[in-house]
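> The structure that follows is given in the form of C-alpha coordinates.
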Amino acid sequence: MDMMPRVKLRFAFFQGEGRVGIMKHELNPHGRNPVVIVGGGFGGLAAARALHHMAGEVVLIDRMNHHLFQPLLYQVATAALSPGDIAWPLRTLLRSQANVRIMLDEVRAIDRAAHRIELLNGEPVVYSSLILAPGARHSYFGHGDWEEEAPGLKTLPDALELRERMLLAFEKAERVKGTPEARDELTFVIVGGGPTGVELAGALAEIGRKAMAPDFPVLHQTACRILLIEGGARILEAFTPALSSRAQASLESLGVTVLLNCRVREVTSKGVLAGSEFIRSAHMIWAAGNVASPILASLGVPLDSSGRVLVEPDLSLKDDPWVFVIGDAAHCLSAEQKPLPGLAAVAMQEGRYVAGIIAGCVPKGQRTPFRYRNRGILATIGRAKAVAQFGPLLLSGTVAWLAWCFVHIFFLIGFRNRVRVMFEWVWYYVTFKPGARLIYWKDRRIKSP
(Lines give C-alpha, C1' and ligand atoms only; values in the text may rest on other atoms or scores of the structure.)
Protein backbone atom coordinates (compact mmCIF):
# COMPACT_ATOMS: atom_id res chain seq x y z
CA MET A 1 0.00 0.00 0.00
CA ASP A 2 1.25 3.43 -0.89
CA MET A 3 2.10 5.18 2.38
CA MET A 4 3.70 8.28 0.80
CA PRO A 5 1.95 11.56 1.68
CA ARG A 6 -0.20 12.78 -1.16
CA VAL A 7 -0.04 16.34 -2.46
CA LYS A 8 -2.89 18.20 -4.11
CA LEU A 9 -3.31 21.64 -5.62
CA ARG A 10 -6.63 23.28 -4.72
CA PHE A 11 -8.44 26.57 -4.65
CA ALA A 12 -9.25 27.38 -1.02
CA PHE A 13 -11.72 29.99 0.17
CA PHE A 14 -11.41 31.14 3.75
CA GLN A 15 -14.63 32.72 4.95
CA GLY A 16 -13.14 33.86 8.23
CA GLU A 17 -10.24 35.62 6.47
CA GLY A 18 -11.96 36.82 3.31
CA ARG A 19 -9.04 35.56 1.21
CA VAL A 20 -8.91 33.39 -1.90
CA GLY A 21 -5.71 31.75 -3.03
CA ILE A 22 -3.98 28.70 -4.49
CA MET A 23 -2.16 26.53 -1.99
CA LYS A 24 -0.02 23.43 -2.16
CA HIS A 25 0.15 21.38 1.02
CA GLU A 26 0.54 17.92 2.37
CA LEU A 27 -2.70 16.09 2.97
CA ASN A 28 -3.69 14.72 6.32
CA PRO A 29 -1.95 11.30 6.47
CA HIS A 30 -5.34 9.71 7.15
CA GLY A 31 -6.77 11.29 4.01
CA ARG A 32 -8.06 8.03 2.52
CA ASN A 33 -10.91 8.07 5.06
CA PRO A 34 -13.90 10.42 4.73
CA VAL A 35 -14.32 13.85 6.24
CA VAL A 36 -16.99 13.43 8.92
CA ILE A 37 -19.34 16.18 10.08
CA VAL A 38 -21.36 15.64 13.26
CA GLY A 39 -24.48 17.78 13.30
CA GLY A 40 -26.69 19.15 10.52
CA GLY A 41 -27.31 22.57 12.04
CA PHE A 42 -26.11 25.89 10.64
CA GLY A 43 -22.41 25.13 11.09
CA GLY A 44 -22.49 21.53 9.92
CA LEU A 45 -24.61 22.29 6.87
CA ALA A 46 -22.42 25.26 5.89
CA ALA A 47 -19.32 23.07 6.13
CA ALA A 48 -20.87 20.27 4.04
CA ARG A 49 -21.89 22.68 1.32
CA ALA A 50 -18.46 24.34 1.26
CA LEU A 51 -16.86 20.92 0.66
CA HIS A 52 -18.85 20.28 -2.52
CA HIS A 53 -15.76 20.40 -4.76
CA MET A 54 -13.66 18.09 -2.57
CA ALA A 55 -12.78 14.81 -4.25
CA GLY A 56 -13.09 12.67 -1.12
CA GLU A 57 -16.24 11.52 0.63
CA VAL A 58 -18.04 13.68 3.20
CA VAL A 59 -20.20 11.92 5.81
CA LEU A 60 -22.79 14.00 7.67
CA ILE A 61 -24.17 12.38 10.85
CA ASP A 62 -27.24 13.68 12.66
CA ARG A 63 -29.85 12.08 14.90
CA MET A 64 -32.56 14.06 13.06
CA ASN A 65 -33.18 13.86 9.33
CA HIS A 66 -33.72 17.60 8.94
CA HIS A 67 -32.02 20.96 9.19
CA LEU A 68 -33.89 23.31 11.54
CA PHE A 69 -34.05 27.09 11.21
CA GLN A 70 -33.85 27.65 14.97
CA PRO A 71 -34.36 31.45 15.01
CA LEU A 72 -38.02 30.89 14.06
CA LEU A 73 -38.59 27.92 16.34
CA TYR A 74 -40.49 30.04 18.85
CA GLN A 75 -43.06 30.80 16.12
CA VAL A 76 -43.83 27.10 15.87
CA ALA A 77 -44.15 26.99 19.67
CA THR A 78 -46.65 29.87 19.58
CA ALA A 79 -48.67 28.42 16.66
CA ALA A 80 -47.70 31.16 14.20
CA LEU A 81 -45.89 28.74 11.84
CA SER A 82 -46.04 25.02 11.07
CA PRO A 83 -42.99 22.75 11.54
CA GLY A 84 -42.57 22.27 7.79
CA ASP A 85 -42.12 26.02 7.34
CA ILE A 86 -38.77 26.05 9.16
CA ALA A 87 -37.33 22.55 8.65
CA TRP A 88 -36.02 20.75 5.55
CA PRO A 89 -34.74 17.17 5.00
CA LEU A 90 -30.94 17.06 4.94
CA ARG A 91 -30.96 14.60 2.06
CA THR A 92 -32.98 17.05 -0.02
CA LEU A 93 -30.71 19.97 0.81
CA LEU A 94 -27.58 18.01 -0.16
CA ARG A 95 -28.93 15.80 -2.94
CA SER A 96 -26.89 17.67 -5.59
CA GLN A 97 -23.59 16.88 -3.82
CA ALA A 98 -22.48 13.46 -5.00
CA ASN A 99 -19.65 13.37 -2.46
CA VAL A 100 -21.94 13.70 0.58
CA ARG A 101 -23.42 10.72 2.44
CA ILE A 102 -26.09 11.25 5.13
CA MET A 103 -26.25 8.98 8.18
CA LEU A 104 -29.25 9.10 10.52
CA ASP A 105 -27.75 8.05 13.84
CA GLU A 106 -26.63 9.35 17.21
CA VAL A 107 -22.98 9.74 18.18
CA ARG A 108 -22.09 8.04 21.46
CA ALA A 109 -18.39 8.86 21.74
CA ILE A 110 -15.31 9.87 19.77
CA ASP A 111 -12.11 7.80 19.85
CA ARG A 112 -9.44 10.21 18.67
CA ALA A 113 -6.64 7.69 19.00
CA ALA A 114 -8.33 5.40 16.47
CA HIS A 115 -9.87 8.26 14.42
CA ARG A 116 -13.21 6.60 14.99
CA ILE A 117 -16.75 7.70 15.90
CA GLU A 118 -18.91 5.33 17.94
CA LEU A 119 -22.58 5.36 16.96
CA LEU A 120 -25.67 4.34 18.89
CA ASN A 121 -27.11 2.05 16.20
CA GLY A 122 -24.60 1.67 13.36
CA GLU A 123 -21.04 0.49 12.93
CA PRO A 124 -18.21 2.86 13.94
CA VAL A 125 -17.17 5.43 11.33
CA VAL A 126 -13.48 6.14 10.72
CA TYR A 127 -12.54 9.69 9.72
CA SER A 128 -9.63 11.59 8.20
CA SER A 129 -10.82 15.01 9.36
CA LEU A 130 -13.62 15.64 11.83
CA ILE A 131 -15.92 18.65 12.21
CA LEU A 132 -17.95 18.62 15.40
CA ALA A 133 -21.09 20.76 15.35
CA PRO A 134 -23.45 18.89 17.72
CA GLY A 135 -25.16 22.03 19.04
CA ALA A 136 -26.34 22.58 22.60
CA ARG A 137 -29.26 22.04 24.93
CA HIS A 138 -30.76 24.26 27.60
CA SER A 139 -28.93 24.33 30.93
CA TYR A 140 -30.69 24.11 34.28
CA PHE A 141 -27.51 24.94 36.22
CA GLY A 142 -27.46 21.71 38.19
CA HIS A 143 -31.24 21.34 38.52
CA GLY A 144 -32.01 18.85 35.77
CA ASP A 145 -35.22 17.83 37.54
CA TRP A 146 -36.72 21.23 36.62
CA GLU A 147 -36.89 20.30 32.94
CA GLU A 148 -40.10 18.28 33.28
CA GLU A 149 -42.00 21.31 34.60
CA ALA A 150 -40.11 24.00 32.64
CA PRO A 151 -39.14 22.62 29.21
CA GLY A 152 -36.77 24.49 26.94
CA LEU A 153 -36.89 25.28 23.24
CA LYS A 154 -34.16 23.79 21.03
CA THR A 155 -35.85 21.24 18.75
CA LEU A 156 -39.10 20.70 16.87
CA PRO A 157 -40.38 18.25 19.53
CA ASP A 158 -39.71 20.98 22.12
CA ALA A 159 -41.71 23.50 20.08
CA LEU A 160 -44.61 21.13 19.51
CA GLU A 161 -44.72 20.29 23.21
CA LEU A 162 -44.87 23.98 24.13
CA ARG A 163 -47.48 24.68 21.46
CA GLU A 164 -49.71 21.94 22.80
CA ARG A 165 -49.34 23.21 26.36
CA MET A 166 -50.35 26.71 25.30
CA LEU A 167 -53.38 25.58 23.32
CA LEU A 168 -54.54 23.21 26.05
CA ALA A 169 -54.16 25.97 28.64
CA PHE A 170 -57.04 27.93 27.10
CA GLU A 171 -59.18 24.82 26.76
CA LYS A 172 -58.63 23.93 30.42
CA ALA A 173 -59.12 27.51 31.63
CA GLU A 174 -62.48 27.76 29.88
CA ARG A 175 -63.74 24.68 31.72
CA VAL A 176 -62.80 26.08 35.13
CA LYS A 177 -63.35 29.79 34.41
CA GLY A 178 -63.52 32.10 37.38
CA THR A 179 -61.38 29.86 39.62
CA PRO A 180 -57.75 30.14 40.81
CA GLU A 181 -57.01 27.12 38.63
CA ALA A 182 -58.07 29.07 35.53
CA ARG A 183 -55.71 31.90 36.49
CA ASP A 184 -52.83 29.42 36.90
CA GLU A 185 -53.55 27.91 33.48
CA LEU A 186 -53.33 31.30 31.80
CA THR A 187 -50.16 32.40 33.60
CA PHE A 188 -47.02 31.76 31.56
CA VAL A 189 -43.61 32.20 33.20
CA ILE A 190 -40.55 32.45 30.93
CA VAL A 191 -37.14 32.17 32.56
CA GLY A 192 -34.35 33.96 30.69
CA GLY A 193 -34.24 37.40 29.07
CA GLY A 194 -32.16 36.54 26.02
CA PRO A 195 -33.52 36.62 22.44
CA THR A 196 -35.45 33.36 22.84
CA GLY A 197 -37.12 34.45 26.08
CA VAL A 198 -37.95 37.93 24.79
CA GLU A 199 -39.36 36.68 21.49
CA LEU A 200 -41.41 34.00 23.24
CA ALA A 201 -42.81 36.49 25.74
CA GLY A 202 -43.85 38.93 23.03
CA ALA A 203 -45.39 36.24 20.83
CA LEU A 204 -47.32 34.67 23.71
CA ALA A 205 -48.67 38.05 24.78
CA GLU A 206 -49.89 38.89 21.30
CA ILE A 207 -51.32 35.50 20.47
CA GLY A 208 -52.87 35.00 23.90
CA ARG A 209 -54.69 38.31 23.91
CA LYS A 210 -55.24 39.06 20.23
CA ALA A 211 -55.65 35.61 18.66
CA MET A 212 -56.82 33.21 21.36
CA ALA A 213 -59.03 35.45 23.50
CA PRO A 214 -61.58 36.15 20.71
CA ASP A 215 -62.07 32.38 20.32
CA PHE A 216 -62.74 32.03 24.06
CA PRO A 217 -65.20 34.86 24.79
CA VAL A 218 -65.95 33.63 28.29
CA LEU A 219 -62.32 34.37 29.22
CA HIS A 220 -61.48 38.01 29.77
CA GLN A 221 -58.75 39.31 27.45
CA THR A 222 -56.57 40.37 30.35
CA ALA A 223 -56.78 36.90 31.91
CA CYS A 224 -53.61 35.83 30.07
CA ARG A 225 -50.54 36.78 32.14
CA ILE A 226 -46.97 36.64 30.80
CA LEU A 227 -43.99 37.04 33.14
CA LEU A 228 -40.38 37.21 31.94
CA ILE A 229 -37.77 36.54 34.64
CA GLU A 230 -34.17 37.65 34.07
CA GLY A 231 -31.36 37.15 36.56
CA GLY A 232 -29.32 40.10 35.25
CA ALA A 233 -29.85 43.84 35.33
CA ARG A 234 -31.42 44.00 31.85
CA ILE A 235 -32.86 41.84 29.08
CA LEU A 236 -31.03 41.27 25.76
CA GLU A 237 -27.62 41.75 27.33
CA ALA A 238 -25.85 41.42 23.94
CA PHE A 239 -27.52 44.65 22.80
CA THR A 240 -26.71 48.17 23.98
CA PRO A 241 -28.43 49.34 27.18
CA ALA A 242 -30.56 51.76 25.13
CA LEU A 243 -31.94 48.98 22.92
CA SER A 244 -32.49 46.73 25.94
CA SER A 245 -34.60 49.46 27.53
CA ARG A 246 -36.62 49.91 24.34
CA ALA A 247 -37.21 46.18 24.11
CA GLN A 248 -38.40 46.08 27.73
CA ALA A 249 -40.74 49.01 27.10
CA SER A 250 -42.18 47.21 24.05
CA LEU A 251 -42.78 44.06 26.08
CA GLU A 252 -44.48 45.99 28.84
CA SER A 253 -46.70 47.75 26.30
CA LEU A 254 -47.94 44.27 25.34
CA GLY A 255 -48.75 43.52 28.98
CA VAL A 256 -45.66 41.41 29.77
CA THR A 257 -44.33 41.73 33.32
CA VAL A 258 -40.51 41.89 33.28
CA LEU A 259 -38.69 40.93 36.50
CA LEU A 260 -35.00 41.91 36.54
CA ASN A 261 -32.25 40.91 39.00
CA CYS A 262 -34.47 37.99 39.90
CA ARG A 263 -33.12 34.44 40.07
CA VAL A 264 -35.22 31.29 40.04
CA ARG A 265 -34.60 29.23 43.17
CA GLU A 266 -37.14 26.45 42.70
CA VAL A 267 -39.47 25.07 40.02
CA THR A 268 -42.48 22.93 40.92
CA SER A 269 -45.67 21.79 39.22
CA LYS A 270 -47.45 24.71 40.91
CA GLY A 271 -45.08 27.49 39.82
CA VAL A 272 -41.65 29.02 40.41
CA LEU A 273 -39.90 30.55 43.39
CA ALA A 274 -38.32 33.70 41.94
CA GLY A 275 -36.27 35.56 44.53
CA SER A 276 -38.47 35.57 47.62
CA GLU A 277 -41.79 35.41 45.72
CA PHE A 278 -43.61 32.25 44.65
CA ILE A 279 -45.38 32.76 41.32
CA ARG A 280 -48.20 30.36 40.71
CA SER A 281 -48.30 29.05 37.15
CA ALA A 282 -49.17 25.86 35.34
CA HIS A 283 -46.83 26.68 32.44
CA MET A 284 -43.13 27.51 32.80
CA ILE A 285 -40.72 27.81 29.87
CA TRP A 286 -36.93 27.69 30.29
CA ALA A 287 -34.83 30.00 28.11
CA ALA A 288 -31.86 30.64 30.41
CA GLY A 289 -28.47 29.34 29.45
CA ASN A 290 -27.08 26.56 27.28
CA VAL A 291 -24.94 23.50 27.82
CA ALA A 292 -22.97 21.88 25.01
CA SER A 293 -23.48 18.31 23.83
CA PRO A 294 -22.22 15.65 26.28
CA ILE A 295 -20.33 13.83 23.51
CA LEU A 296 -17.64 16.53 23.73
CA ALA A 297 -16.53 15.07 27.04
CA SER A 298 -15.26 11.98 25.18
CA LEU A 299 -12.63 14.11 23.42
CA GLY A 300 -10.54 14.27 26.58
CA VAL A 301 -9.80 17.99 26.21
CA PRO A 302 -10.46 21.01 28.47
CA LEU A 303 -14.05 22.29 28.50
CA ASP A 304 -15.50 25.54 29.82
CA SER A 305 -18.29 25.82 32.40
CA SER A 306 -20.91 25.32 29.66
CA GLY A 307 -19.26 22.16 28.36
CA ARG A 308 -17.81 23.83 25.25
CA VAL A 309 -14.40 22.90 23.89
CA LEU A 310 -11.59 25.44 24.33
CA VAL A 311 -10.49 25.51 20.70
CA GLU A 312 -7.37 26.90 19.07
CA PRO A 313 -7.54 30.10 16.93
CA ASP A 314 -8.07 27.85 13.87
CA LEU A 315 -10.98 26.07 15.67
CA SER A 316 -9.01 22.83 15.98
CA LEU A 317 -7.97 20.93 19.08
CA LYS A 318 -4.61 21.83 20.57
CA ASP A 319 -3.08 18.39 20.05
CA ASP A 320 -5.18 17.26 17.07
CA PRO A 321 -5.00 19.60 14.02
CA TRP A 322 -7.62 17.69 11.99
CA VAL A 323 -10.39 17.69 14.58
CA PHE A 324 -12.42 20.91 14.58
CA VAL A 325 -15.22 22.12 16.86
CA ILE A 326 -17.63 24.83 15.71
CA GLY A 327 -20.91 26.54 16.62
CA ASP A 328 -22.45 26.19 20.09
CA ALA A 329 -19.92 23.48 20.94
CA ALA A 330 -16.87 25.76 20.59
CA HIS A 331 -15.44 28.24 23.07
CA CYS A 332 -13.81 30.53 20.53
CA LEU A 333 -12.45 33.97 21.40
CA SER A 334 -13.16 37.06 19.33
CA ALA A 335 -10.59 39.73 18.43
CA GLU A 336 -11.56 41.41 21.73
CA GLN A 337 -10.78 38.14 23.57
CA LYS A 338 -14.43 37.51 24.41
CA PRO A 339 -16.22 34.21 23.71
CA LEU A 340 -18.21 34.33 20.47
CA PRO A 341 -21.99 34.06 20.96
CA GLY A 342 -23.98 31.01 19.93
CA LEU A 343 -25.47 32.61 16.82
CA ALA A 344 -26.31 31.08 13.46
CA ALA A 345 -24.04 33.58 11.70
CA VAL A 346 -21.08 32.54 13.85
CA ALA A 347 -21.64 28.84 13.18
CA MET A 348 -21.98 29.33 9.41
CA GLN A 349 -18.81 31.39 9.14
CA GLU A 350 -16.93 28.85 11.25
CA GLY A 351 -18.24 25.98 9.10
CA ARG A 352 -17.08 27.59 5.86
CA TYR A 353 -13.72 28.54 7.38
CA VAL A 354 -13.00 25.00 8.57
CA ALA A 355 -14.13 23.55 5.23
CA GLY A 356 -11.60 25.82 3.52
CA ILE A 357 -8.78 24.44 5.67
CA ILE A 358 -9.78 20.84 4.98
CA ALA A 359 -10.32 21.34 1.24
CA GLY A 360 -7.02 23.19 0.94
CA CYS A 361 -5.15 20.71 3.18
CA VAL A 362 -3.63 23.63 5.07
CA PRO A 363 -1.07 22.55 7.70
CA LYS A 364 -1.47 23.73 11.27
CA GLY A 365 1.34 26.27 11.15
CA GLN A 366 0.05 27.99 8.01
CA ARG A 367 -3.54 28.63 9.04
CA THR A 368 -4.78 32.17 9.51
CA PRO A 369 -6.84 32.45 12.72
CA PHE A 370 -10.61 32.55 12.37
CA ARG A 371 -12.13 36.01 12.63
CA TYR A 372 -15.87 36.45 12.96
CA ARG A 373 -17.44 39.19 10.86
CA ASN A 374 -20.23 40.64 12.96
CA ARG A 375 -22.94 41.82 10.59
CA GLY A 376 -25.35 42.76 13.35
CA ILE A 377 -27.88 41.25 15.74
CA LEU A 378 -31.67 41.46 15.81
CA ALA A 379 -34.52 40.47 18.11
CA THR A 380 -38.26 40.83 17.63
CA ILE A 381 -40.73 41.60 20.39
CA GLY A 382 -44.01 41.56 18.51
CA ARG A 383 -45.86 42.90 15.54
CA ALA A 384 -43.94 45.96 14.25
CA LYS A 385 -41.79 45.82 17.41
CA ALA A 386 -38.12 44.82 17.27
CA VAL A 387 -34.59 45.98 17.99
CA ALA A 388 -31.57 45.78 15.70
CA GLN A 389 -27.91 46.61 16.16
CA PHE A 390 -25.63 46.93 13.12
CA GLY A 391 -22.35 48.22 14.51
CA PRO A 392 -22.97 51.86 15.52
CA LEU A 393 -26.42 51.85 13.85
CA LEU A 394 -29.21 51.23 16.36
CA LEU A 395 -32.79 50.59 15.19
CA SER A 396 -36.04 49.90 16.98
CA GLY A 397 -39.74 49.76 16.23
CA THR A 398 -41.18 49.16 12.76
CA VAL A 399 -37.91 49.73 10.87
CA ALA A 400 -36.09 47.15 12.99
CA TRP A 401 -39.00 44.73 12.62
CA LEU A 402 -38.93 45.04 8.81
CA ALA A 403 -35.15 44.42 8.90
CA TRP A 404 -35.72 41.36 11.09
CA CYS A 405 -38.37 40.03 8.66
CA PHE A 406 -36.10 40.56 5.65
CA VAL A 407 -33.07 38.87 7.24
CA HIS A 408 -35.04 35.81 8.36
CA ILE A 409 -36.82 35.43 5.02
CA PHE A 410 -33.50 35.80 3.20
CA PHE A 411 -31.83 33.01 5.17
CA LEU A 412 -34.74 30.56 4.90
CA ILE A 413 -33.72 27.69 2.64
CA GLY A 414 -35.86 27.22 -0.44
CA PHE A 415 -38.12 29.58 -2.37
CA ARG A 416 -41.26 27.66 -1.36
CA ASN A 417 -40.52 28.13 2.34
CA ARG A 418 -39.85 31.84 1.89
CA VAL A 419 -43.18 32.34 0.16
CA ARG A 420 -45.11 30.29 2.73
CA VAL A 421 -43.58 32.07 5.72
CA MET A 422 -44.10 35.50 4.17
CA PHE A 423 -47.74 34.65 3.44
CA GLU A 424 -48.28 33.41 7.00
CA TRP A 425 -46.73 36.58 8.44
CA VAL A 426 -48.82 38.88 6.24
CA TRP A 427 -52.00 36.93 7.05
CA TYR A 428 -51.30 37.01 10.78
CA TYR A 429 -50.37 40.72 10.65
CA VAL A 430 -53.72 41.57 9.04
CA THR A 431 -56.05 39.13 10.81
CA PHE A 432 -54.36 38.01 14.07
CA LYS A 433 -55.33 34.46 13.09
CA PRO A 434 -52.32 32.11 13.25
CA GLY A 435 -52.85 29.03 11.14
CA ALA A 436 -51.12 26.26 13.15
CA ARG A 437 -53.39 25.94 16.20
CA LEU A 438 -53.94 22.20 16.12
CA ILE A 439 -53.96 19.76 19.04
CA TYR A 440 -53.39 16.26 17.75
CA TRP A 441 -51.65 14.16 20.43
CA LYS A 442 -54.55 11.99 21.57
CA ASP A 443 -52.86 10.80 24.74
CA ARG A 444 -52.54 14.41 25.92
CA ARG A 445 -56.17 15.51 25.51
CA ILE A 446 -57.80 17.22 28.48
CA LYS A 447 -60.24 15.22 30.55
CA SER A 448 -63.72 16.30 31.44
CA PRO A 449 -64.02 17.60 35.02
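The values are calculated or read from the model by the stated rules, or taken from the named source; none is laboratory data. Please read all numbers here as calculations on a predicted model, not as lab measurements. With ideal geometry, Cβ positions are generated from the backbone for all residues, glycine too; neighbour counts draw on all protein chains shown. Ligands, DNA and RNA are excluded from the accessible area calculation, which covers all protein heavy atoms including side chains. Shrake-Rupley method; radii C 1.70, N 1.55, O 1.52, S 1.80 Å.
> Simple spin-label model, 7 Å along Cα-to-Cβ: Asp304 to Phe406 in nm?
Here the modelled spin labels are 3.2 nm apart.
> Moving on. Take Thr92 and Ala109, extend 7 Å from each Cα along the Cα→Cβ direction, and tell me the distance between the two endpoints in nm.
3.8 nm
> Here is a follow-up. With charges set only on the Cβ (+1 for Lys and Arg, -1 for Asp and Glu), what does the dipole of the chain come to about its Cα centre, in debye to the nearest 20?
1100 debye
> Additional query: Given the convex hull over the Cα atoms of region 203-338, what projected area results after averaging over all orientations, in nm²?
Result: a mean projected hull area of 11.9 nm².
> Select from Glu161, Glu185, Glu148 the residue whose mean-square fluctuation is largest in a Gaussian network model of the chain (Cα-Cα springs shorter than 10 Å).
Greatest mean-square fluctuation among the candidates belongs to Glu148.
> To the nearest 10 square angstrom, what accessible area does His220 show with a 1.4 Å probe?
So the heavy atoms of His220 present about 130 Å² to solvent.
> Going 7 Å from the Cα of Ser276 in the Cα-to-Cβ direction, what parts of region 206-231 have a backbone nitrogen less than 20 Å from that spot?
It comes to 229-231, nothing else.
> Further, regarding this structure: Which translational diffusion coefficient, to the nearest whole µm²/s, is obtained for region 61-178 from the Stokes-Einstein equation, given a Kirkwood hydrodynamic radius over C-alpha pairs, 4 °C and 1.567 mPa s?
75 µm²/s
> In addition: What are the ³J(HN,Hα) values, in whole Hz, obtained from phi via the Karplus relation 6.51 cos²θ - 1.76 cosθ + 1.60 with θ = phi - 60°, for each residue of region 317-322 in sequence order, with x given for Gly and Pro?
So the J values, rounded to whole Hz, are 7, 4, 10, 8, x, 10.
> Based solely on its DSSP helices, what 222 nm [θ] is calculated for the chain when runs of n ≥ 4 H residues each add -39,500 (n - 2.57) and the sum is averaged over all residues, nearest 500 deg cm²/dmol?
The helix contribution divided over the chain gives -8000 deg cm²/dmol.
> Give the Rg/Rh ratio for the chain, taking Rg as the radius of gyration of the Cα atoms and Rh as the Kirkwood radius, to two decimals.
Here Rg/Rh amounts to 1.00.
> Compute the semi-axes of the equivalent ellipsoid of region 76-144, taking the square root of 5 times each eigenvalue of the Cα gyration tensor, and list them largest first in whole Å.
Here the semi-axes work out to 28, 22, 10 Å.
> Output wanted: per-residue J couplings in Hz (rounded whole) for region 401-413, from phi through Karplus 6.51 cos²θ - 1.76 cosθ + 1.60, θ = phi - 60°, x for Gly and Pro.
5, 5, 5, 4, 4, 4, 4, 6, 5, 4, 8, 5, 8
> Suppose accessible area is computed on protein heavy atoms with a 1.4 Å probe; arrange Glu174, Glu230, Glu123 from highest to lowest.
Descending accessible area places them as Glu123, Glu174, Glu230.
> For Val291, which sequence-distant residues (separation of 5 or more, or a different chain) have an amide H within less than 5 Å of its own amide H, given hydrogens modelled in the peptide plane?
Residues meeting the criterion, in which the H sits 1.01 Å from N, are Arg137, His138, Ser139.
> Evaluate E = 1/(1 + (r/R0)^6) for Arg101 and Ala344, where r is the Cβ-Cβ distance and R0 equals 22 Å; express this FRET efficiency to the nearest 0.05.
My answer for the efficiency is 0.35.
> Over the heavy atoms of Arg112, what accessible area does a 1.4 Å probe trace out, to the nearest 10 Å²?
Rounded to the nearest 10, that gives 40 Å².
> Another one. Given a 1.4 angstrom probe, I'd like the percentage of the accessible area of the chain that is carbon and sulfur, rounded to a whole number.
55 percent
> Further question: Restricting to Cα atoms and excluding each atom paired with itself, what does the Kirkwood estimate give for region 236-312 in Å?
15.9 Å
> How big is the shadow of the Cα convex hull of region 214-273, averaged over all directions, in nm²?
5.6 nm²
> Stick to the Cα atoms of region 118-249, pair each with every other, and give me the Kirkwood hydrodynamic radius in Å at one decimal.
17.6 Å
> Sticking with this structure for a sec: So if I average 1/r over every pair of distinct C-alpha atoms in region 326-431 and take the inverse, what Kirkwood radius in Å does that give?
Hydrodynamic radius (Kirkwood, Cα only) of region 326-431 equals 16.3 Å.
> Just to confirm my numbers, what's the Cα centroid distance between region 224-278 and region 162-214 in Å?
16 Å
> Report the residue, chosen from Val325, Val126, Val387, that carries the largest GNM mean-square fluctuation when the chain is represented by alpha-carbon nodes joined by springs under 10 Å.
Looking only at Val325, Val126, Val387, the biggest GNM fluctuation is shown by Val126.
> Continuing with the same structure: In Å and from the alpha-carbon atoms only, list the Rg and Dmax of region 274-364.
Considering region 274-364 through its Cα atoms, Rg and Dmax are 17.0, 58 Å.
> Skip the ligands, DNA and RNA, and give the accessible area per residue of the chain with a 1.4 Å probe, whole Å².
Normalised by residue count, the accessible surface of the chain is 47 Å².
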